[in-house]
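Here, each number is a calculation from the coordinates, and none is a lab measurement. Note that this is a predicted model, so its numbers are computed, not measured. Positions of Cβ are backbone-derived with ideal geometry, glycine not excepted, and every protein chain shown enters the neighbour counts.
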Amino acid sequence: METFWSTLKRKITWIRGSIWFPTRREAKLYLFDYIEVFYNRQRHQTVLGHRSPVEYAATIT
């Protein structure tokens with residue numbers, strides 16, 4: 001679990017330049033957007049043949 005948080009912090013720092021947010025609400029919204037929109041939908045997955053889940057789903061139907 002510690003590896004997950006470390007990786008998440010590094011990714012956010014790389015994208016935003018900082019892991020600090022003005023409010024807790026902004027942090028929650030950013031994390032939701034990163035995990036649900038980018039990580040789960042757009043990031044290329046090795047298991048899916050280096051395609052995003054959206055690209056993979058388009059080839060199945």
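Quick notes on this structure:
- Assigned charges on the beta-carbon of Lys, Arg, Asp, Glu; region 1-40 dipole about Cα centre (debye): 140
- Of the trypsin sites (Lys or Arg not before Pro) found in region 2-61, those that fall in a DSSP loop while having at most 13 other beta-carbon atoms within 10 Å are 43.
- Extension gain from residue 52 to residue 25, taking 0.36 nm per residue of separation minus the Cα-Cα distance: 6.9 nm
- Selection of chymotrypsin sites (Phe, Trp or Tyr not before Pro), the chain, meeting DSSP coil and at most 16 other Cβ within 10 Å: 20
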